[in-house]
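Worksheet: the structure to be examined is printed underneath.
The values are calculated or read from the model by the stated rules, or taken from the named source; none is laboratory data. Source: prediction; values computed, not measured. Methodologically, a virtual Cβ is constructed for each residue, glycine included, from the backbone with ideal geometry; neighbour enumeration extends over all protein chains shown. Surface accessibility is based on the protein's heavy atoms, side chains included, excluding ligands, DNA and RNA. Shrake-Rupley method; radii C 1.70, N 1.55, O 1.52, S 1.80 Å.
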Amino acid sequence: MVAITVILAAVIAAFVMDMGNMNESANAGIDFSVSGDTVTVQVISEGNTDAIYVEYDDGTDVEPIAPDGSHARNPWTVGDSAEIAAPESITVYGELGGDEQVIANWNE
């Protein structure tokens, strides 16, 4: 009887500890640099993300931006950067396990 109780407690503890990993937050290294009205966003490290996406608000619309500067929702990788002229804000998203999370923000 004692052995069954110990085994059951171990199984429950293992299950509860594994559940804690489901709430892992996406993280990545993002750098913002400002020069006049232009903001450069660059990916320094991918951290634990599966993909990184960037969008910016120009005061009228929220637009995705790809590393090549086009308005496409393409994933970014380490070393990718883009200059954005006069943004009001920039938001960087990290995808982790199919879920997107905000990992960095820049506001004027």
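Among the residues making up the range 74-108, those that are under 17 Å from the mean Cα position of the chain (by Cα), of a type in the set (A, V, I, L, M) and surrounded by fewer than 16 Cβ atoms within 10 Å (Cβ to Cβ) are Val78, Val102.
From the residues in the range 52-73 that are open to solvent by 40 Å² or more (accessible area, probe 1.4 Å) and among the β-branched types (Val, Ile, Thr), which one is farthest from Val102 (Cα to Cα)? Taking the candidates together, the pick is Thr60. Within the range 20-32, is even one residue at pLDDT 95 or above and more than 16 Å from Gln101 (Cα to Cα)? Yes, because at least one residue in the range 20-32 is at pLDDT 95 or above and more than 16 Å from Gln101 (Cα to Cα).
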